[in-house]
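Read the structure below first, then the notes.
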Amino acid sequence: MDDIVSSEDLELVLAVARTGSVGAAARRLRVTQPSASQRLARLERRTGLVLFDRDTQGARPTPAGAELARQADHILGHLGGALEAARAAGDRDVRRVGTIASLADLVLPALDAALEGVDVEQVVDHGDRLLDWLDEGTLDAAVLAIAGQIELPRSVRRHRIGTDELVLLLPVGVRRPGTGVRPLAGRRVVFATYDTGSEAVRTRLVALGAEPRRAATVQAALGVARRQAIPAVVPRSVATTRGRERRVDLAWSHRIVLDLVVPRAPAPGVIESLAVLRAELGLAYSS
């Protein structure tokens, strides 16, 4: 575009506005006065604006010139800040790690502890988005429960952290399941899991007589259960009890494998963090 303004143009406009003359601005910018005058004239032709009233006494900014000088000061300040931020980032030892919303409260503090000594940038998003970022190399690691249930990009590898399982959480005042083949007959039950097994969980609960309702996240399931005083089926690792709440084993087993997914050439320290990550999460592990 003909009216694109470069950073050099902005520096010149700002210098002329501040010094009051093209000559003084040229000296400040360490260019010749003819060169500065020609650049300013070209800028005015390209933009169709008169930026300065020039006479033997100097150069005074027109309203358009004063506004462009004000904007130039703002823009050049941001450019300088962007460069400093980029330099600072280049000096940091950063690991960008992520997980899904249901796992964030559990996993992100554990990753922070496991990667002690480096800057950890945390990301929370859907599993498929995290895998895309791993594939394109903009994410260093992700903790996921779906890695063994879907086809992964060829550019990534998964390393088992451990195994979680679903349990039944009973808030205060909620009675235990009954007996027989339909121990949850007629009872509303909220559930959430962080793998791809939600429909299998729903089917199991219906077979036990329950009226299941799926929550968007594990934390949402816990909130609904406590507010409405109904049972919740959630992963054991996040089913922390409060006061007289109880955790009960399910009538069936639903195990969830958590994996650390990394690029084929992982960043230093990421694979080495597995042992600490397992300990922090308290998950069962067998090689």
Hey, with R₀ at 51 Å, roughly what FRET efficiency would residue 138 and residue 32 work out to, going by the Cβ-Cβ distance, to 0.05? 0.70
Placing +1 at every Lys and Arg Cβ and -1 at every Asp and Glu Cβ, with all other atoms neutral, what dipole size does segment 12-91 have around its Cα centre, in debye to the nearest 20? 300 debye
To the nearest 10 degrees, the tilt of helix 218-228 (Cα long axis) against the first principal axis of the alpha carbons of the chain is 60 degrees
Additional length obtainable on full extension of the chain from residue 18 to residue 53, 0.36 nm per residue less Cα span: 11.2 nm
Take the Cβ-Cβ distance between residue 264 and residue 128 as r, set R0 to 25 Å, and report the resulting FRET efficiency rounded to the nearest 0.05. 0.85
Counting C-alpha atoms alone, how compact is segment 1-118: give Rg to one decimal and Dmax as a whole number, in angstrom. 23.0, 72
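Report the local net charge at residue 252: Lys and Arg +1, Asp and Glu -1, summed over other residues whose C-beta lies under 13 Å from its C-beta.
Charge balance near residue 252 sits at +1.
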Listed residue (56, 34, 69) projecting farthest to the positive dipole end of segment 17-69, Cβ model: 34
Two-site label geometry, residue 66 and residue 253: point separation in nm, points 7 Å out along Cα→Cβ: 8.0 nm
Give the label of the value calculated from the structure for log10 I(q)/I(0) by the Debye sum over Cα atoms at q = 0.16 Å⁻¹, choosing from (1) -1.40; (2) -1.13; (3) -1.25. (2)
So residue 279 and residue 200, fully extended at 0.36 nm per residue minus their Cα-Cα distance, gain in nm 25.5 nm
Order the peptides 242-255, 99-112 from the highest to the lowest mean number of other Cβ atoms within 10 Å of their residues. 99-112, 242-255
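Using only helices, what value at 222 nm comes out for the chain when you add -39,500 (n - 2.57) per DSSP H run of length 4 or more and divide by the total residues, to the nearest 500 deg cm²/dmol?
Taken over the chain, the calculation gives -13000 deg cm²/dmol.
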Using alpha carbon centroids, what distance separates segment 255-287 and segment 160-190, in Å? 29 Å
Inverting the mean 1/r over all pairs of different Cα atoms, compute the Kirkwood radius of segment 127-264 and quote it in Å. 16.0 Å
Counting only DSSP beta bridges with both residues in the chain, tell me the antiparallel percent, nearest 5. 60 percent
Could you size up the charge dipole of the chain around its Cα centre, putting +1 on the beta carbon of Lys and Arg and -1 on that of Asp and Glu, and report it in debye to the nearest 20? 1300 debye
Here the relative contact order (percent) of the chain, from C-alpha pairs under 8 Å and at least 6 apart, is 20 percent
Among 200, 262, 137, whose Cα lies farthest out toward the positive end of the dipole of the chain, if unit charges sit on the beta carbon of Lys, Arg (+1) and Asp, Glu (-1)? 200
Looking at segment 1-139 only, what percent of DSSP beta bridges run antiparallel? Nearest 5 please. 40 percent
Report, in debye and to the nearest 20, how large the dipole of segment 206-256 comes out about its Cα centre when Lys and Arg carry +1 and Asp and Glu carry -1 on their Cβ. 180 debye
Expressed as an acute angle from 0 to 90° and rounded to the nearest 10, what is the orientation of the C-alpha long axis of helix 63-91 relative to the principal long axis of the chain? 50 degrees
Name all residues of segment 173-211 having a backbone nitrogen under 17 Å from the label point set 7 Å from the Cα of residue 244 along its Cα→Cβ direction, giving them as ranges. 173-177
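We did not get these values from a lab; they are worked out from the coordinates using the rules stated. In this text the structure is predicted, and so the values were computed from the model without any measurement. Note that we place each Cβ from the backbone using ideal geometry, even for glycine, and neighbour counts take in every protein chain shown.
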